[in-house]
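Read-outs: derived from the displayed coordinates by stated rules, not from any lab. What you see is a predicted model; the values in this text were computed from it and never measured. Every residue, glycine as well, gets a Cβ built from its backbone with ideal geometry; the counts of neighbours run over all protein chains shown.
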Amino acid sequence: MPKANLRLLHSPSGLFHKAECSVCGERFYVLPEVMEFKEDLVKQFDAHLHNQHRRQWDASQKKNERIADESRRSQPVNE
Ligand SMILES: [Zn+2]
């Protein structure tokens, strides 16, 4: 299954910052005056993953848990 990625779209004549989902082509828009538009797009994309690509979202959650788990386990144990 292809992995969904956030793909920034460049449209010099467009009014909005735009991005799309690389798998289903869903578009995300952020108003042009928003300076943190990338963070905004990432947030929208995150919600999109949660709603439309739940398996990928679940997998990324598990991966984050595993990383947290491993860093806990790598703590020195005094026994
Ligand atoms: Zn999508």
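In this structure, is residue 42 without any contact (Cβ under 8 Å) to a residue 40 or more places away in the chain and part of a loop (DSSP other than H, G, I, E, B)?
No: the conditions fail for residue 42.
Within region 53-75, does at least one residue satisfy the condition of being among the charged types (D, E, K, R) and in contact with a strand residue (DSSP E or B) (Cβ under 8 Å, 6 or more places away or on another chain)? Scanning region 53-75, I find no residue that is among the charged types (D, E, K, R) and in contact with a strand residue (DSSP E or B) (Cβ under 8 Å, 6 or more places away or on another chain), so the answer is no. When 65, 70, 20, 33 are checked against the criterion of being without any contact (Cβ under 8 Å) to a residue 40 or more places away in the chain, part of a loop (DSSP other than H, G, I, E, B) and out of contact with any helix residue (DSSP H, G or I) (no Cβ under 7 Å at 6 or more places or on another chain), 33 stands alone in meeting it. Within region 26-79, the residues that satisfy the criterion of being among the aliphatic types (A, V, I, L, M) and within 16 Å of the ligand (Cβ to nearest atom) are 41, 42, 47, 49, 59.
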